[in-house]
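Report on one structure; see the data block that follows.
The values are calculated or read from the model by the stated rules, or taken from the named source; none is laboratory data. Bear in mind that the values here come from a model prediction, so they are computed numbers and not experimental data. Cβ atoms come from the backbone with ideal geometry, glycine included; neighbour counts cover every protein chain shown.
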Amino acid sequence: MEKEKLLGKTKTELEQVVGELGLPRFNAGQIADWLYKKFVIDISEMTNLSKKARELLSEKYIIGATPHSKVEVSADGTKKYLFPAGKQNYIEAAYIPEESRNTLCISSQAGCKMGCLFCMTGKQGFQANLSSGEIINQLWNLPERDEVVNLVFMGMGEPFDNMDNLMKALEILTSPWGMDISPRKITVSTIGIIPGMTRFIEESDCHLAISLHTPFEDERKKIMPIESVYPLREIFATLKSFEFPRQRRISFEYIMFKGVNDTNRDVNELVRLMHGLKARLNLIRFHPVPGTPLEGSDDKTIIEFRDALNAKGVITTIRASRGLDIAAACGLLSTKTLVDEQKNRDY
Amino acid sequence: MSSDFLYELELNPIKVESNVEIAKDVFVLSFPRKHTFVAGQVIGICLEEKGEPRLYSIASGSTDDMIRLLYNIKPDGELSPTLARLKSGDILFVSAPFGTYYGTAKPAVFIASGTGIAPFTSMLRSGLYKDKMLIHGGRTLDSFYFKDEMTELLGSENYIRCCSQETGDGVYEGRLTNYLREKTDLPPDSKYYLCGMAEMVVESRDILIDKGIPFDNIIAEIYF
């Protein structure tokens, strides 16, 4: 019988594990400590558990950490790690070192269902939701784990399409019994799945980023199919119905596409849309993925766009591009590696 | 549609009229229509009043008395295996219809895989069948749900079935995407509506763009 993984279990779940094995309840806290603070790779290393407890645990469970299978290193120091996740699935985590802070960009799904026109991950289609353990593993097994300052859920997949595993992973990442990372160091980025976004706002203290990419619903529908189900006006109405504490950051991601979303008309509509919401806008240079009909705006346009928005009171920044030489845009590495099982497709 | 409705997705009880298996593991669930809707919209359904609803495209016409949903059993799905056991008279919780994946009277090509045909059957049953073509992909011959009705509405020349694992009369042998690659007379000015699994939608969109269809003439709906 295949052994179950401990990595990714919350303290409540660990209490169930020890309860089923007839072990004392306080063992759950000890196991959590070994898993999420001491990062042991084998149950035998949990030396403050009795020998019998370790034997009982080892009969049914393993730690379940998975090392990366490949890494690509950019000239600017960005590293892209490929992790196996389930049968023939691959996910990516990008480590982005900076002078003041190091960021890890992690994935929530293998592939993605959202089908955005500009996204490489979308071209893989969807393979699987990541378990909470597979989400955690991207940080847990990172060689630079101890240097990571910021964690962003901006890798492969839509986090709010894998809500239960996301929330479990966030609980483990932020709890005092877990990895004890401040929620202010974690940002979850969504395409705008409203029920998930609402639950996240209510149940988590982490920062929220929303992929906007155009302020016009008709335009957004052409590049992001989700707009047909969860339109912009509803996303903004939802956000405006909440009061966010000062420390909690709401931001919008905005990839700049030449002639599509980079005009004065877009500036004016963005100002109107964001009025009354304390949020910032991050402009992102577009680095075309194979086969896309979209082109990126030039630097001059991006700078003018930023300045026009700032002048009208919308706090706007331009995100630095990193890891271009290793195709750090999520999805490129794993798409190259993915084994395409065409015979299993149903169309 | 009010903001309050959409993000809270208020669910109301309704009695199931019927739940019929029309192909292996594929069902049509029917219940009385309580709201007006626009063909192409989705509806949230759940077995509990306070649960998290799953979204399904409406497959019935906008003036039909019954709302019909087309769904298949996903072995690891949270809802569909239980949904398949529902019988006439059982209670289901449903939202009002919503979404903006609308069809129009303009010329259009509908491209669907599997149960992704649902919004297009709604559009066609709602009268939007003039100047329309439907290209439907499936693994087996029983994947072409509502075949007789689609043939009647569109005529065989505008109703293309692509079967990847079986052969049959009047059926293209191969994947839907192969059909699109081979087709040389795709009208550039038509709208192209895609619906189905993400792989199919993304691959088909790439093929259409490669064939010169402007991306703003392509409207995609994805399963999630």
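List of remarks:
- In the range A:287-319, the residues that are free of Cβ contacts under 8 Å to residues at least 24 places away in the same chain and among the aromatic types (F, W, Y): none
- Within the range B:56-72, the set of residues being among the hydrophobic types (A, V, I, L, M, F, W, C) and surrounded by fewer than 18 Cβ atoms within 10 Å (Cβ to Cβ) comprises B:M66 only.
- Between A:I255, A:I284, the distinction of being free of Cβ contacts under 8 Å to residues at least 40 places away in the same chain and under 22 Å from the mean Cα position of the chain (by Cα) belongs to A:I284 only.
- Annotation note: Cβ proximity below 6 Å between a residue of the range B:204-218 that is more than 9 Å from chain A (Cβ to nearest Cβ) and a residue that is in a helix (DSSP H, G or I) and of a type outside the set (S, T, N, Q) (sequence gap 6+ or interchain) occurs for B:I207/B:L180; B:I207/B:R181.
- Top-ranked residue of the range B:170-196 - restricted to ones that are under 21 Å from B:G114 (Cα atoms) and of a type in the set (A, V, I, L, M, F, W, C), ranked as surrounded by the fewest Cβ atoms within 10 Å (Cβ to Cβ): B:V171
- Of the strands (runs of 3 or more DSSP E) lying entirely inside the range B:20-83, those containing at least 1 residues that are touching a residue at least 24 places away in the same chain (Cβ under 8 Å) and β-branched (V, I, T) are B:26-32, B:42-46, B:66-72.
- Condition check for B:A112: of a type in the set (A, V, I, L, M, F, W, C) and part of a loop (DSSP other than H, G, I, E, B): no
- Residue selected from the range B:169-190 under the condition assigned to a loop (DSSP other than H, G, I, E, B) and among the aliphatic types (A, V, I, L, M), by the criterion nearest to B:F215 (Cα to Cα): B:L186
- Here is the figure for the range A:191-209: residues that are in contact with a Leu (Cβ under 8 Å, 6 or more places away or on another chain) and outside any helix (DSSP H, G or I) total 3.
- Scanning the range A:205-231 for residues that are crowded, with 19+ Cβ neighbours inside 10 Å and more than 11 Å from chain B (Cβ to nearest Cβ) gives A:C206, A:H207, A:L208, A:A209, A:I210, A:S211, A:L212, A:H213, A:T214, A:P215.
- Among the residues here, B:L83 does not qualify as among the hydrophobic types (A, V, I, L, M, F, W, C) and closer than 19 Å to B:G196 by Cα.
- Filter result for A:I96 (more than 12 Å from chain B (Cβ to nearest Cβ), farther than 21 Å from A:Y254 by Cα and touching a residue at least 60 places away in the same chain (Cβ under 8 Å)): no
- Single residue of the range B:90-109 satisfying the filter (assigned to a loop (DSSP other than H, G, I, E, B) and surrounded by 19 or more Cβ atoms within 10 Å (Cβ to Cβ)) that is farthest from the other protein chains (Cβ to nearest Cβ): B:A96
- In the range B:183-203, residue farthest from the other protein chains (Cβ to nearest Cβ) [restricted to those that are among the charged types (D, E, K, R) and under 25 Å from B:A105 (Cβ atoms)]: B:D185
- Flag if A:S321 is polar (S, T, N, Q), modelled with pLDDT under 95 and under 29 Å from B:R205 (Cβ atoms): yes
- Evaluation of A:G111 against the conditions (1) in contact (Cβ under 8 Å) with a residue 12 or more places away in the chain; (2) at negative phi shows that the sole unmet condition is (2).
- All strands (runs of 3 or more DSSP E) inside the range A:103-162 with 1 or more residues being more than 11 Å from every other protein chain (Cβ to nearest Cβ) and under 12 Å from the mean Cα position of the chain (by Cα): A:103-105, A:109-111, A:150-153
- Verdict on A:L170 being crowded, with 23+ Cβ neighbours inside 10 Å, of a type in the set (A, V, I, L, M, F, W, C), farther than 19 Å from A:G122 by Cα and modelled with pLDDT of 95 or more: yes
- Out of B:L176, B:L92, B:L153, sole residue that is within 29 Å of B:P53 (Cα to Cα) and in contact with a Phe, Trp or Tyr (Cβ under 9 Å, 6 or more places away or on another chain): B:L92
- Considered as a group, the residues in the range B:147-178 that are out of contact with any Gly (no Cβ under 8 Å at 6 or more places or on another chain) and within 11 Å of another protein chain (Cβ to nearest Cβ) include one that is nearest to A:K113 (Cα to Cα), and that residue is B:N178.
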